[in-house]
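Take a look at the structure set out below.
FYI, it's all coordinate maths here, none of it is from the lab. Treat the numbers as computed from the prediction; the structure is a model and nothing was measured. Here the Cβ positions follow ideal geometry from the backbone for every residue, glycine too, while neighbour counts run over all protein chains shown.
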Amino acid sequence: MPSTRGLVVVGAGLFLWLGARLVGSPDLHIVAVGVVLLPVAAALFARWNRQRLTMVRRLSSARAALGQRITVELEVQNRSGAPTSFLLLEDRLPASLGRSARMVLTGLPGRGSQRVGYSIVCRARGRYHLGPATLDISDPFALSRVRMEFPHRDELVVYPEVEPLRAIVAAPYGSGSGDSTTRHLFRTGEEFYTMREYQMGDDLRRIHWPSVARRGRLMIRQDESARRSTATIFLDTRVSTFGQTGMPAFEKAVSVAASVGSFLSASGFALRLATPQAAPAPVTVDTLLENLAGAAHTPTRALGQALLPLRSGSLSGSTLVVVSAPPPPAEIAALTRSGTAFAGRIAILIHPTDPATLPPEPAAQLEQAASTARLSLARAGWEVFVLPPQGRLQDVWRVNRTKLLVSSAPSR
Amino acid sequence: MARQQDQAPRLLRSLQVGAVGLLAASAALAFSRVFVAGDVALRLVAVALGSVALAWALERRMLLVATLVSTAGLLVTLGIAVFPDTTFYGLPTLHTYHSILDALGKVGPQARVEAAPTLSLEPLLVGAVTAVWTAAFSAHALAVRSGSPFLAVLPPAALLAFASIVMEDGARPLYALVFLGSVLLVLFADALQRISQWGPIRPWSAYTRRPLARSTTRGARRLGVAVLAVAALAPGILPGFRAPPIVEIDSSAAGVSSVNPLVSVAASLQRDDPVELFTVSSTSLQGVSVATYWRMLALDRFDGTVWDTDDIRAENGRPLPGGGRLSDDPVPADAVVVEQRFVITGMRATPWLPMAYVPQALLMPGGELLYDDEATMVVASDGIGPGDAYAVQSAVPVPSPAVLDRTVGFGGRELEPYLRLPENTPEEVYRIARELTAGEPSVFRKVLAVQDHLLTFTYDETVTPGTEVNAMVDFLTRTRRGFCQQFAGSMAVLLRALGIPSRVAVGFVAGARSPADGLYHVTSDDAHSWVEVYFPGQGWLAFEPTPGRSNPLASRYQREPAPAGPSPAWCATQGCPPGVVESAEAVLGAVVGGVGRGGRAERISNLEELDARRSGAGSGGTTLPGAGATGAGPADRGLPMWGGVLLALGLVLAIAALVPMGRAAWRRRQIRRAREPREVVLAAYRVFQARAGEVGLGRRPGETLWEHRTRLLGIVELSDGHLDRLTGIAGRAAYSIRPVSETLAQEAVLAARTASRDVRRSVSRGRRLAGHYRLLRRTP
């Protein structure tokens, strides 16, 4: 189809022709014929070039961490024997990934193919769909355009930011179950696992004397758990808590949940993820990150009601991690109640707004609410961390990690 | 890769400028046809390229600055191309500027009387160089600055059309195709610019990464060749090819002629490819073939620059439909009656009918003719062209020198117009005239003395043409070289300075007689001018001051002493005793071309017969072969006068109206094409930017949205918060991951509309008007 530009050229040609007729200039007439003819020929040319074109999209990785650069390769194949003119390729991208990728391919020969690529910097977590791609076939004079659409879309998952939380080091005077973090965490089991030599700091009560007699050296008995410890992560996605998806506090909450989840998983915990809309469900670290990548705000409902599934589905001796904003006094009780079913209780409270950016009075109110919540929860045996939206979890986490781990292993 | 990306815009811009240069050069080449000399084409092409190159160098300057510098460049170019002798190593001097100003003052008069192809007259060259320079500069400004390649084509197209109109030489496909190819290149360059805005150009990797790779241009080459081929081979796919123009451009209303025949003579002489204009069968009543000059008209007014006449188209003359008796006076005794039959072959759109002087009767069935008794010229209202034919009977006066020696009484009042000279005629002219004729016993001898003096000069067609009075003095005193234009004009002026009535006659020499058909074949090389002098009782007699030219019949009184007895010419044509006839033939040996050919069916043997045949012709009984084609030839299409001016004005107005309408349509389309709210917002902001940019208040390079907003707030009185709102939403749409709602998008569109209106209202009306055509500065 002739484009607007093509129609303008036809108009210009007719204008020249009219001028030629008015003044009787055969030379101008020839020029006018050419100008009028050009868009028509161009339209035929573009239509003739509408061969069997196919396009394939390839991603360097379908899963990406925040800030990672992903390369997208598009391969356009010309399955007919005729060469193409100009192919205006557009691969539509979600706005969060930037503007749609556009490029112009010229002179693709018959039976030939051309690969072009572009890169995306993943600046926001999410589950994105790349595409559809369109190919506008244009003649060399850009007077006509024929559009082809390739509806296939590819998914790209951008994980939320995961802060590296430092691994646990055995406490010199802790449980005495060895220096292996994994073993250390599995202390709730009773089954014999192995014998090993005594090391400084081990609990002297766990010395296995028959082995000491046989080997002539101090040997320690190490038990293994029959089941893994479980941690349930509750992400408070209610819109009344952090606001809408994309708000800094909301994104920070998602990031915190991902960071803690990754850390716990690396520490050997089996993970369960819960939100106000979804009951706790077992997840691996990958599915946790994928779920968190797609996390979105949910409608407001009472916190107690949202926490009910946690209590009903809780496992004895498991840990509860709640990521929320400092709750109002009315909700603190509900939160405290929900924690009673768990052996370990951790609350990570993120300010919906950075108090530092607020006027003194609202900032003070916010700080006051956080302080109240911290006190109340601490009294109920919770470990509480309070963060501003721009804060780093790893900064506060390092301070409290020992206590946290101890609290997660009460039944040794 | 980054380096290639950087080079791409520069390459594309170079291609665009190159295309504009080619467009201007091709137009200049076509336009140069109006000049005879071939080197003018080179000069005009160089001028076009120079103009575009200068415009390119000034591309990043304000249009006003560029225009001023380009004007200065034009002055330098005029000095080099037209007045090289006045420059100081190519730099114009005060003398150059005076010469240019002087020439500019003469462009109008020269253009009115000039015929194409013309000589490289300085005023016309100045006009041509200015036209080409301006067209090239305009084309560059429109194509590159405004991004309107279609408008850019128009100024050069006007040059192309002008050449074909004034030349009336039919289609010249080579010029048209070169021009069309340039147009295609301009469109292609513009298309590449636009496409590159879509995204980076990636040529097929098998060739190269350069944006102008073979694979990029291959399609354009194929398409261009196909279009050129069809346009060349089948221009008739659009109706009206080679048809007469819809608008008859009639210059008669302006009271001027489209061509000055005296200048046409000079131009015709310098044609590289002489063409046959007409054939003549010319015989005496006895059937003897007679060669003489074929006169068209006489120019009786000299204004110091050119020879002209008041009624050059005989509009006040006597209507003569189909011909008729031109004179009721009896044929003088000393006159040769010559019957001529003219068939026009190559002459186009010429109003004056060539014929031997003095015509007695004319037959041209169907011809709308006017006869001017005073100038003795016959004018065809529609002009004559190939296929026209007519018959004339003339009585050529050949008085003896003795008779002329005795002639007195040259001072009649009715002859006063033929004695008039411009006031600025140098005294030197009078002095030369007196010195040349000192001691001559009669007026006739004085005339011969002047003629003979000029015959000692050198015939040279390469001299600078012109009959300007100072140039004439130079010709008479210094150069002594020229061609018929200078000789005839100078002799007539010298004679007038002596008080002898004279005028310049324009027409053709006899031409070459073909033994095969007995016809005189007259070509453009035979164009000529000579002098007519009035002798009381004898009428206007032809004299020939040009070396190497000779009027066969008139040479009797011009050079030979008066023989005793009957006039040899008379004997040769009217019949004498045998002995006398032989003697006359001997005298007229150089005059008579040979024995008359057989078959004189179209002769007009007496005037009564003419009357009878003319009445028969009026009832449809055409007797002259080819006479029916009268009027089928192209009409006279002289230089566009009022019609051309009106047409040009209409075109300008149409373009002026179309440009803002087109831009408004583009703006609407920008927003309409946007699919998602985010795109709508960005389109609305782009439109606002374009509108602000039109009045010179667009975003500067590197300026952020908010910086631009802040700057505008300091300049423009804006409505409440619209620009803030627009800037905020646009910033969010461009850079934020937060979604943009439909409502927000509509809000942005409304805000953009209001902000655009505010910005435009803050500037003057003239600036707004100029902004429609993006004449202020390049779009940021």
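The table for this structure:
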{"item": "Backbone N under 11 Å from the A:Arg47 label point (7 Å along Cα→Cβ), restricted to region A:94-136", "result": "none"}
{"item": "Rounded Å value of the spacing that divides the Cα centres of region A:245-321 and region B:132-184", "result": "73"}
{"item": "Region B:309-382-region B:37-105 distance, computed between alpha-carbon centres (Å)", "result": "47"}
{"item": "Potential extension, B:Ile237-B:Val65 segment - 0.36 nm per residue separation minus Cα distance", "result": "57.4 nm"}
{"item": "Peptides ranked, highest mean first, by Cβ atoms within 10 Å: ranges B:84-94, B:24-34", "result": "B:24-34, B:84-94"}
{"item": "Built amide H within the under 5 Å cut-off of B:Arg513, gap 5+", "result": "B:His521"}
{"item": "Relative contact order (%) - region A:53-158, alpha-carbon pairs under 8 angstrom, separation at least six", "result": "31"}
{"item": "Exercise: per-residue mean of other protein chain Cβ atoms within 10 Å, A:94-103", "result": "4"}
{"item": "For A:Thr245, distant residues with modelled amide H under 5 Å away", "result": "A:His297"}
{"item": "Overall form of region B:388-486 per C-alpha gyration tensor (a/c, 1.5; a/b vs b/c)", "result": "oblate"}
{"item": "Cα gyration tensor shape for chain A, rounded if a/c is under 1.5, else prolate or oblate", "result": "prolate"}
{"item": "Rh by Kirkwood over Cα pairs, then Stokes-Einstein D for region A:4-48 at 1.306 mPa s and 10 °C, µm²/s", "result": "151"}
{"item": "Loop sites in region A:1-61: trypsin sites (Lys or Arg not before Pro), DSSP, at most 16 other Cβ within 10 Å", "result": "A:Arg50, A:Arg52"}
{"item": "HN-Hα J in Hz across region B:702-714 - Karplus 6.51, -1.76, 1.60, θ = phi - 60°, x for Gly and Pro", "result": "x, 7, 7, 4, 6, 5, 5, 4, 5, 5, 5, 4, x"}
{"item": "Partner chain coverage, peptide B:174-182 - average Cβ within 10 angstrom", "result": "4"}
{"item": "Within region B:294-331: backbone nitrogen closer than 16 Å to the B:Asp373 label point (7 Å, Cα to C-beta)", "result": "B:314-320, B:324-331"}
{"item": "For region A:53-158, convex hull volume per residue from C-alpha positions, Å³", "result": "85"}
{"item": "Packing-based ranking, highest mean first, of A:253-263, B:120-130 given that Cβ atoms within 10 Å are counted", "result": "A:253-263, B:120-130"}
{"item": "Estimated inter-spin distance, A:Ala330 and A:Thr287, nm [label 7 Å along Cα→Cβ]", "result": "3.6"}
{"item": "Label-to-label distance, nm, for residues given as B:Ile246 and B:Arg301 (7 Å Cα→Cβ offset)", "result": "3.6"}
{"item": "Filtered trypsin sites (Lys or Arg not before Pro), region B:379-467: DSSP coil and at most 16 other beta carbons within 10 Å", "result": "B:Arg406, B:Arg420"}
{"item": "Anisotropy class of region B:2-243 from Cα gyration tensor, a/c 1.5 cut", "result": "oblate"}
{"item": "Mean separation of Cα contacts under 8 Å, 6 or more apart, over the residue count of chain A: relative contact order %", "result": "12"}
{"item": "5 angstrom amide H check on A:Gly24, placed H, neighbours 5+ away", "result": "B:Ile246"}
{"item": "Per-residue mean of C-beta atoms belonging to partner chains within 10 Å, peptide B:92-103", "result": "0"}
{"item": "In region B:37-78, the trypsin sites (Lys or Arg not before Pro) that fall in loop regions by DSSP, at most 15 other Cβ within 10 Å", "result": "B:Arg60, B:Arg61"}
{"item": "Antiparallel DSSP beta bridges within chain A, as percent of all bridges there, nearest 5", "result": "70"}
